[in-house]
1. Would you pick out the residues in region 62-85 that are more than 21 Å from N14 (Cβ to Cβ) and small (G, A, S)?
2. Report yes if I139 is without any contact (Cβ under 8 Å) to a residue 24 or more places away in the chain and among the β-branched types (V, I, T), otherwise no.
3. The conditions are (1) without any contact (Cβ under 8 Å) to a residue 24 or more places away in the chain; (2) on the phi > 0 side of the Ramachandran plot, and G176 fails exactly one of them. Which is it?
4. Just one of (1) over 17 Å from E29 (Cβ atoms); (2) more than 15 Å from the ligand (Cβ to nearest atom) trips up A241, so point out which.
5. Regarding region 67-80, can at least one residue be identified that is of a type in the set (D, E) and farther than 30 Å from G151 by Cβ?
6. Quickly run through region 196-236 and pick out the residues that are without any contact (Cβ under 8 Å) to a residue 40 or more places away in the chain and within 14 Å of the ligand (Cβ to nearest atom).
Amino acid sequence: MRKKVIAGNWKMNNGISETVGLISEIKKEMSGKNFNCEMIICPPFVNLETAGALLKDTVLKLGAQNVYFEESGAFTGEISAAMLKGVGCEYVILGHSERRTIFGESDQVVNKKLKTALKNGLKPIFCVGETLEEREKGITFKIIEAQIRNGLNSFTESELENLIIAYEPVWAIGTGRNATPQQAQDVHLFIRELIGKMFSAGYAARLIIQYGGSVKADNAIELLSQADIDGALVGGACLKADSFIKIAEAS
Ligand code: PGA
């Protein structure tokens with residue numbers, strides 16, 4: 001039985017005071033409620049330490065939105081895995097489509113980042129997804145397969161025990177147009193079968209596969225009730241405490 005994982009990707013939103021405010025609202029929304037899922041928040045780098053301190057007495061886990069693949073050195077503007085661990089991060093989002101398209105991250109760069117994250121004990125949320133053009137051309141599975149095979153190139157199954165995959169169709173991110181539960185389920189099943197072929201059936205059955213792309217409180221139940229959808233990576237709707245918590249309650 002896979003435990004669902006709900007992660008909030010704050011993207012480039014919220015300064016320190018908003019971070020303190022949103023976390024205190026999230027804690028208020030959580031009080032007196034029981035959750036069946038793991039919950040993660042991923043604020044911008046500069047707010048991680050503050051957020052980490054505020055999460056100490058909660059079940060919420062801390063994640064970052066990126067990491068550099070080198071361990072240390074002359075890499076102006078970059079952040080290492082050890083630095084993230086040092087401020088209490090347990091998770092890191094890698095290969096998000098905004099990183100791939102706006103910042104030119106290739107599958108090979110994502111592969112190196114996955115290596116560094118896992119080696120340093122960070123649990124990666126590895127994002128894959130097709131563009132609208134690719135979906136309309138009917139090559140969704142081909143694109144997803146290439147992203148996964150390249151991203152997970154040269155890993156052994158045991159190295160990937162802490163991996164989460166997030167299927168995020170690019171056309172559904174920030175657009176208000178989520179994949180239908182069936183469209184998402186079809187890709188999730190494809191990913192699980194592919195992982196089963198690349199590694200083992202047992203590993204594929206344990207792997208958490210999140211859906212991301214316009215997940216909201218009102219579509220979460222239907223998406224999360226699909227057989228192969230094990231959680232959500234939430235952007236816009238995680239910036240409000242009540243909608244983030246409603247999504248977690250839908251798990
Ligand atoms: P969205 O973003 O929920 O705003 O569509 C999801 C994501 O980018 O992870």
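1. If we filter region 62-85 for residues that are more than 21 Å from N14 (Cβ to Cβ), which is where we start, we get 68-76, 78, 80-82, 85.
S72, G73, A74, S80, A81, A82 - these are the residues of region 62-85 that are more than 21 Å from N14 (Cβ to Cβ) and small (G, A, S).
2. Details: without any contact (Cβ under 8 Å) to a residue 24 or more places away in the chain: yes; among the β-branched types (V, I, T): yes.
For I139, the condition - without any contact (Cβ under 8 Å) to a residue 24 or more places away in the chain and among the β-branched types (V, I, T) - is met.
3. Here G176 meets the rest and fails (1).
4. Going through the list (1) over 17 Å from E29 (Cβ atoms); (2) more than 15 Å from the ligand (Cβ to nearest atom), A241 breaks only (1).
5. First, pick out the residues of region 67-80 that are of a type in the set (D, E): 70-71, 78.
Narrowing further to those that are farther than 30 Å from G151 by Cβ: none.
Among the residues of region 67-80, not one is of a type in the set (D, E) and farther than 30 Å from G151 by Cβ, which makes the answer no.
6. V215, K216, A217, D218, A220
For every residue, the table says whether it meets (1) over 23 Å from G235 (Cα atoms); (2) surrounded by 17 or more Cβ atoms within 10 Å (Cβ to Cβ); (3) within 17 Å of the chain's Cα centre (by Cα); (4) not basic (K, R).
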{"site": "D107", "(1), (2), (3), (4)": "no, yes, yes, yes"}
{"site": "G121", "(1), (2), (3), (4)": "yes, no, yes, yes"}
{"site": "G129", "(1), (2), (3), (4)": "no, yes, yes, yes"}
{"site": "R149", "(1), (2), (3), (4)": "yes, no, no, no"}
{"site": "E157", "(1), (2), (3), (4)": "yes, no, no, yes"}
{"site": "L160", "(1), (2), (3), (4)": "yes, yes, yes, yes"}
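For every residue, the table says whether it meets (1) over 12 Å from P124 (Cβ atoms); (2) modelled with pLDDT of 95 or more; (3) of a type in the set (D, E); (4) within 16 Å of the ligand (Cβ to nearest atom).
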position: G52; (1), (2), (3), (4): yes, yes, no, no
position: D57; (1), (2), (3), (4): yes, no, yes, no
position: L60; (1), (2), (3), (4): yes, yes, no, no
position: N66; (1), (2), (3), (4): no, yes, no, yes
position: T76; (1), (2), (3), (4): yes, yes, no, no
position: S80; (1), (2), (3), (4): yes, yes, no, no
position: C89; (1), (2), (3), (4): no, yes, no, no
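The values are calculated or read from the model by the stated rules, or taken from the named source; none is laboratory data. Everything numeric in this text was worked out from a predicted model, so none of it was measured. Note that each Cβ is placed from the backbone with ideal geometry, even for glycine, and that neighbours are counted across all protein chains shown.
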